[in-house]
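K.L.:
I have a structure I would like to understand better, so I am pasting it below and will then ask my questions one at a time.
The values are calculated or read from the model by the stated rules, or taken from the named source; none is laboratory data. Keep in mind it's a predicted model, so treat the numbers as computed, not measured. In this analysis, Cβ positions are derived from the backbone assuming ideal geometry, glycine residues included, and neighbour counts consider all displayed protein chains.
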């Protein structure tokens, strides 16, 4: 990932998930990235000049790699929290947790997030914490 400086300050798992959402290899230090893929990545993450469709494809691939019509809270909360956490902390931070909770609230309000967790238990929309006890 040395080739992509914009991902150096991201959590390693989040960076891998971003690259995976673009179908780019990341598992080897000797991986060769095609020129077109490099330009797409630069447009998305460095110059912010990608098309709207490219950004939608990136984030849909990151947040919903299985292409499900609706997402469970536990499936989306952790990738969102990882995205904001960065590389300096091993565990979640107050900022990363609040970001993930707020984003999940938006998805719930837009009817993109299931109203039950994967175990079928109802959760409090205001708290939106996948680890809350029921």
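K.L.:
Can you tell me which condition residue 47 does not meet? The list is (1) in contact (Cβ under 8 Å) with a residue 60 or more places away in the chain; (2) loosely packed, with under 14 Cβ neighbours inside 10 Å, and all the others hold.
P.N.:
Result: residue 47 passes all but (1).
K.L.:
Going through 134, 48 one at a time, which residue ends up being touching a strand residue (DSSP E or B) at 6+ places or on another chain (Cβ under 8 Å) and either part of a loop (DSSP other than H, G, I, E, B) or modelled with pLDDT of 85 or more (or both)?
P.N.:
Result of the check over 134, 48: 134.
K.L.:
Quick test for you: out of 89, 30, pick the one residue that is modelled with pLDDT under 85, assigned by TED's automatic domain parsing to the domain that holds residue 9 and either at positive phi or part of a loop (DSSP other than H, G, I, E, B) (or both).
P.N.:
30
K.L.:
Looking only at the range 77-85, decide whether some residue is within 15 Å of the chain's Cα centre (by Cα) and assigned to a loop (DSSP other than H, G, I, E, B).
P.N.:
no
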